[in-house]
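Okay, structure first, notes after.
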Amino acid sequence: MRVGKVSAQGLRPNNEDNFVADLERKIFLVADGMGGQDRGEQASAMAADIIPRVVSDRLAAKDAACDAVKRALEEANDAIVSAGKNQPAGRRMGTTAVLALEDDNQVYVAGLGDSRAYLIRDGQVEQLTVDHSVAQALVASGALTQEEARHSPYQHVLHKFLGCAGLTESAEVKPFTPHVGDRLLLASDGLTNHVTDDDLALGGQAHPNPQEWAEVLVKLALERGSKDNVTCVIVAFDAP
Ligand code: CA
């Protein structure tokens, strides 16, 4: 595996995104924080600190990979809820998290919030995560079309994220078997709002070096007017 990673502050006064690109522990993560003052940065930093640590500990204790991922999300959630307890309601800290763990030739992907994971394989693009936005939930229930959701005021209102008190059902963990040539992209919405499936399908082939491709994608999102923090981690699965 090779990895590329870029996090750009863009036009925002601070960077509330964090990422992990740990080739040794084979854990990759993007977290996009929210909350007043510097709370968003704190929340995403906590996710980036706690999740890889708990996953490694649970794997060392012989937990199954899926369970290790779920446990890590729960522990990060509890810690962020506690840290935000003294914040006024409506101003609490929270963060998205999308992560991928490679273990025993399987890759386990999970996400909470609207940061996304994409698998790019043989020029095909598959979104592996579901956005936990209110608009996307309305699409799932049949109340909105996908096109209506794109323009909905609820597009970026999240109903599931880390720091959500009472988050009882943890994220779905999606496993896949990596193929040679696969690219796995983890990204915050500052990037995914501005790149298309076609960009991802073509770029994966045009930029075999994942670091170079990460730089190209972030630059593209900023050029297209992303006013948000823009972060991505790209994992390239190469011949063993
Ligand atoms: Ca964002």
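Checking the cross-link pairs 5/85; 70/219; 62/85; 5/174; 70/227; 5/160 against a 30 Å limit on the alpha carbon distance flags 5/85; 70/219; 62/85; 70/227 as lying beyond it. Solvent-accessible surface of segment 2-236, taken per residue with a 1.4 Å probe and all protein chains present: 46 Å².
Under a Cβ-Cβ cut-off of 12 Å, what is the net charge of the residues other than residue 63 that fall near it, where Lys and Arg count +1 and Asp and Glu count -1? In short, +1.
Among the protein heavy atoms of the chain, carbon and sulfur supply 48% of the accessible surface, probe 1.4 Å, non-protein parts ignored. Each other residue within a Cβ distance under 13 Å of residue 125 adds +1 if Lys or Arg and -1 if Asp or Glu, for a net charge of -3.
How big, on average over all directions, is the shadow cast by the Cα convex hull of segment 151-231, in nm²? Mind showing how you got there, number by number?
Numbers: hull surface 29.6 nm².
That works out to 7.4 nm², a quarter of the Cα hull's surface.
Extension gain, residue 165 to residue 53, is 38.1 nm, computed as 0.36 nm per intervening residue step minus the present C-alpha separation.
Across the alpha-carbon set of segment 173-215, the Rg to Rh ratio works out to 0.97, Rh being the Kirkwood radius. Measuring how big segment 43-119 is from its alpha-carbon positions, Rg and Dmax come out at 13.4, 45 Å.
Pair-distance distribution of the chain: all C-alpha pairs, bin width 5 Å, starting at 0; shares per bin in whole percent are 1, 7, 14, 19, 20, 17, 13, 6, 2, 0, 0.
Run lengths n ≥ 4 of DSSP H only: what is the helix-derived mean residue ellipticity at 222 nm for the chain, with -39500 (n - 2.57) per run over all residues, to the nearest 500? Each step should come with its number before you reach the end.
On the way: 7 runs with 81 residues, N = 240.
Mean residue ellipticity at 222 nm (helix-derived): -10500 deg cm²/dmol.
The values are calculated or read from the model by the stated rules, or taken from the named source; none is laboratory data. Owing to the predicted nature of the structure, the values given are computational and were not obtained by experimental measurement. Methodologically, a virtual Cβ is constructed for each residue, glycine included, from the backbone with ideal geometry; neighbour enumeration extends over all protein chains shown. The accessibility values were calculated without ligands, DNA or RNA, using every heavy atom of the protein model including side chains. Shrake-Rupley method; radii C 1.70, N 1.55, O 1.52, S 1.80 Å.
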